[in-house]
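What follows is a single structure, written as structure tokens, with notes after it.
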Amino acid sequence: MTVREGGADFAGRPLTVPVGGAAPGATATLCVRPHLIGLGESPAPGGNTLHGTVAEIQWRGATHRLYVAAGGHRIMVDVRELREPPALGTEIALHFAPEDAVLIPAGLAADGAPHA
């Protein structure tokens, strides 16, 4: 993912996310907790939507965990139990709010300090 002014680009798609101190053009990892990702297009103005293919589905009692292939990445999504889960290989949309995202610039250690 590449940082840009006011967000980042994921597989050529602009996303609105807080960039913190990351410089435009920098490479970063996007982190969003799986339970904060929803199915479908973003219902909110300024929300983020990604499109991908359902690669795996796990029923976990009160929830379903979906693994979605998008832009060369595997995205884990936890949603309430679905009466009719999507079939494997189905194209779906995922959404998340900008404030639910965290960008971690490449080259940082686990404590946030630059690698030596």
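Tell me the per residue accessible area of the chain using a 1.4 Å probe; a whole number in Å² is fine. All intermediate terms of the calculation are to be shown ahead of the outcome.
Working: 6830 Å² over 116 residues.
With all protein chains present, the chain gives 59 Å² per residue.
Using alpha carbons only, what's the Rg to Rh ratio of region 1-62 with Rh from Kirkwood?
Details: Rg = 13.8 Å, Rh = 13.5 Å.
So for region 1-62, dividing Rg by the Kirkwood Rh gives 1.02.
Using a Gaussian network model on the chain with a 10 Å cutoff between Cα atoms, which of Ala44, Ala93, Ala11 fluctuates the most?
Checking each option, the largest mean-square fluctuation is seen for Ala44.
Evaluate the relative contact order of the chain (contact order divided by residue number), counting alpha-carbon pairs under 8 angstrom at least 6 apart; express in whole percent. Please report the intermediate quantities before stating the final value.
Numbers: 243 pairs, mean separation 35.5, N = 116.
It comes to 31 percent, rounded to a whole number.
In whole percent, how big is the carbon plus sulfur part of the accessible area of the chain, probe 1.4 Å, protein atoms only?
On the way: 3800 of 6830 Å².
So the carbon and sulfur contribution to the accessible surface is 56 percent.
Scanning the chain for GluC sites (Glu not before Pro) in DSSP loops with at most 13 other Cβ atoms within 10 Å, what's the longest stretch left with none?
Working: sites that count: Glu5, Glu41, Glu81.
By the stated rule (loop sites, at most 13 other Cβ atoms within 10 Å), 42-80.
Which value in Å is the Kirkwood Rh of the chain over different Cα pairs?
Evaluated over the chain, this radius sits at 15.0 Å.
What residue among Gly46, Gly61, Gly20 shows peak mean-square fluctuation when the chain is described by a Gaussian network model with Cα springs under 10 Å?
Maximum among the listed residues: Gly61.
Which is the longest part of the chain that has none of the trypsin sites (Lys or Arg not before Pro) sitting in a DSSP loop with at most 11 other Cβ atoms within 10 Å?
Numbers: sites that count: Arg60, Arg83.
Result, exposed sites excluded: 1-59.
How many angstrom separate the Cα center of region 43-68 from the Cα center of region 4-33?
Comparing the Cα centres of region 43-68 and region 4-33, I get a distance of 20 Å.
The values are calculated or read from the model by the stated rules, or taken from the named source; none is laboratory data. Keep in mind it's a predicted model, so treat the numbers as computed, not measured. So basically every Cβ, Gly included, is an ideal-geometry build from the backbone, and we count neighbours across all protein chains shown. Heavy atoms of the whole protein, side chains included, go into the accessibility calculation; ligands, DNA and RNA do not. Shrake-Rupley method; radii C 1.70, N 1.55, O 1.52, S 1.80 Å.
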